[in-house]
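The values are calculated or read from the model by the stated rules, or taken from the named source; none is laboratory data. Computed from a prediction, not measured in an experiment: that's the story for all the values here. Here the Cβ is made from the backbone with ideal geometry for all residues, glycine too, and neighbour counts use every protein chain on show. Each accessible area value is taken on the protein alone, full model and side chains, heavy atoms only, with ligands, DNA and RNA left out. Shrake-Rupley method; radii C 1.70, N 1.55, O 1.52, S 1.80 Å.
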Amino acid sequence: MKTYFNVPSDAAGQEKNQVLLSAFYGQALPIAAQGQQKNTSQLTASELLHFTDSSATYLVSYTTTTQKTIPASKGKKASVQKSSNTTNTLFKVPYAKVGEKYYVSSFPTFEDITALNAGKAAPLLSLDAMTNLSKSKENQLNAFVKSLLEAKTKNKESLDLLSKGLGLSTSEELASIDYTNYKSVGKDKYKAVIQATFKNSLGTHPENYVFTIEKINNTYFARDFSNVITAKDMETTKG
């Protein structure tokens, strides 16, 4: 991907780029048309969307740079004007295998991005599971979670005393904890499913957390954080 899209501006660099690119093909692929042209470009981002046994399709973002010469005019010298343009596209790479090695079997192709939004096909999730612990234990865990999420917005020292793996965000403040669900997963060990509202300069927004809380001596400690609540998480938290 980098070799294909990171094209230098100078002729010598482009020749070297073509040699590197040919290595992925295994040999020079025949080209019937003459006068092939490559503009200066830079890969911005790429993500593998899907693949088969003969091709891989990526979502690609790349930036091209062009320049034109502005001729001299009365009182002004000639100048060069550069402009950049970023393109998002689907990039399909045909490939094949020889032994345990791979090669690009034909020239990659470009396709328009039609729709990447899964819409109603996306899995549905509802926050309806209830904690199956005593009220006193639930209250203890709620108090710990509130301290944990407040520490997340204040300072790293406090956060490190309560957790491992939760990122600091001092530009926010905790507005409310809107959903909590806990299940015992071992002696003095609990799985927590949380949704909380935070406030920052953009306004308020919800955030999801799934993590493990463990009681060590007389204090709680949180680890193994994820920001994605799945249907499986909700199933496992039911009593």
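Here the condition is being open to solvent by 80 Å² or more (accessible area, probe 1.4 Å) and without any contact (Cβ under 8 Å) to a residue 24 or more places away in the chain; of Thr204, Thr219, it holds for Thr219 alone.
For the stretch 92-125, filtering for residues that are part of a strand (DSSP E or B) and either touching a helix residue (DSSP H, G or I) at 6+ places or on another chain (Cβ under 8 Å) or surrounded by fewer than 12 Cβ atoms within 10 Å (Cβ to Cβ) (or both) leaves 7. Consider the stretch 222-234 and keep the residues that are touching a strand residue (DSSP E or B) at 6+ places or on another chain (Cβ under 6 Å) and open to solvent by less than 60 Å² (accessible area, probe 1.4 Å). The one that is modelled with the lowest pLDDT is Asp233. Listed by first and then second residue, the pairs linking a residue in the stretch 26-47 that is closer than 22 Å to Ala12 by Cα and of a type in the set (Lys, Arg) to a residue that is in a strand (DSSP E or B) and modelled with pLDDT of 80 or more, with Cβ atoms under 7 Å apart and 6 or more places separating them unless they lie on different chains, are Lys38/Val7.
Working only within the stretch 161-180, note down all residues that are part of a helix (DSSP H, G or I) and open to solvent by 80 Å² or more (accessible area, probe 1.4 Å). Lay out the reasoning, then the answer.
We begin by selecting, within the stretch 161-180, every residue part of a helix (DSSP H, G or I); these are 161-162.
Across the stretch 161-180, the qualifying residue is only Leu161.
Thr69 meets all of the listed conditions (1) open to solvent by 70 Å² or more (accessible area, probe 1.4 Å); (2) under 24 Å from Ser22 (Cβ atoms) but one, namely (2). Evaluate the stretch 142-159: report whether one residue or more is exposed (fewer than 13 other Cβ atoms within 10 Å of the Cβ) and within 27 Å of Ala122 (Cβ to Cβ). Checking the stretch 142-159: not a single residue is exposed (fewer than 13 other Cβ atoms within 10 Å of the Cβ) and within 27 Å of Ala122 (Cβ to Cβ). In the stretch 144-172, which residues are out of contact with any Ser or Thr (no Cβ under 7 Å at 6 or more places or on another chain) and under 14 Å from Phe221 (Cβ atoms)? Once the filter is applied, which keeps residues that are out of contact with any Ser or Thr (no Cβ under 7 Å at 6 or more places or on another chain) and under 14 Å from Phe221 (Cβ atoms), the stretch 144-172 yields Phe144, Ser147, Ser158, Leu159, Asp160, Leu161, Ser163, Lys164, Gly165, Leu166.
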